[in-house]
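Trainee: Submitted below is the structure of interest, expressed as structure tokens.
Nothing in this text is a laboratory measurement; each read-out follows from the coordinates by a stated rule. The structure displayed is predicted, hence computed values, not measured ones. Note: ideal-geometry Cβ built from the backbone for every residue, glycine included; neighbour counts use all protein chains shown.
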Amino acid sequence: MADYSRPQPVDPLSYRMDAFLRIRCVCYRSLILSLGDLARKHRLPRNIRMYEIIKRLRCSQCGARPTDVDVSRYASWHSR
């Protein structure tokens, strides 16, 4: 049975403003971003889908795309 409370990549941003992006890069950089903060900082439209945000991500250190991105309700790396 599907868990509809867990954030999904097709969810619009407006559904997940309280969620977090847990990001890992090929250069071993790890980062946790609040979607609400990211949306306000970059003035993202509320109807943009999570996968569209993930597609735009680039590492600020090496410029590569992330190797792993997880949309989560939790800011911790250990919660799933």
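Trainee: Excluding Arg29 itself, what net charge comes from residues whose Cβ is under 14 Å from its Cβ, given Lys and Arg +1 and Asp and Glu -1?
Mentor: Result for the neighbourhood of Arg29: +3.
Trainee: Report the trypsin sites (Lys or Arg not before Pro) located in the range 21-71 that are in a DSSP loop and have at most 10 other Cβ atoms inside 10 Å of their Cβ, or state none. Let's see the in-between values first.
Mentor: Working: sites: Arg22, Arg24, Arg29, Arg40, Lys41, Arg43, Arg46, Arg49, Lys55, Arg56, Arg58; in loops: Arg29, Arg43, Arg46, Arg58.
Within the range 21-71, the qualifying trypsin sites (Lys or Arg not before Pro) (loop, at most 10 other Cβ atoms within 10 Å) are Arg43, Arg46.
Trainee: Under 5 Å between amide H atoms, partner at least 5 residues away or on a different chain: which partners does Tyr74 have, H built in plane at 1.01 Å?
Mentor: Long-range HN contacts for Tyr74: Phe20.
Trainee: Also, quick follow-up: For the range 32-37, what does the Karplus curve 6.51 cos²θ - 1.76 cosθ + 1.60, with θ = phi - 60°, yield as ³J(HN,Hα) per residue in whole Hz, taken in order and with x for Gly and Pro?
Mentor: Using θ = phi - 60°, the values come out as 10, 10, 6, 5, x, 5 Hz.
Trainee: Separate question: Divide by every residue of the chain the summed helix terms, -39500 (n - 2.57) for each DSSP H run of at least 4, and state the resulting mean residue ellipticity at 222 nm, rounded to the nearest 500 deg cm²/dmol.
Mentor: -5000 deg cm²/dmol
Trainee: Semi-axes of the equivalent ellipsoid of the range 13-72: what are they in whole Å, largest first, if each equals the square root of 5 times a C-alpha gyration tensor eigenvalue?
Mentor: 20, 11, 10
Trainee: Next question, about the same structure. Could you please rank Met50, Met17, placing first whichever residue has the fewest other Cβ atoms within 10 Å of its Cβ?
Mentor: The most exposed by this proxy come first: Met17, Met50.
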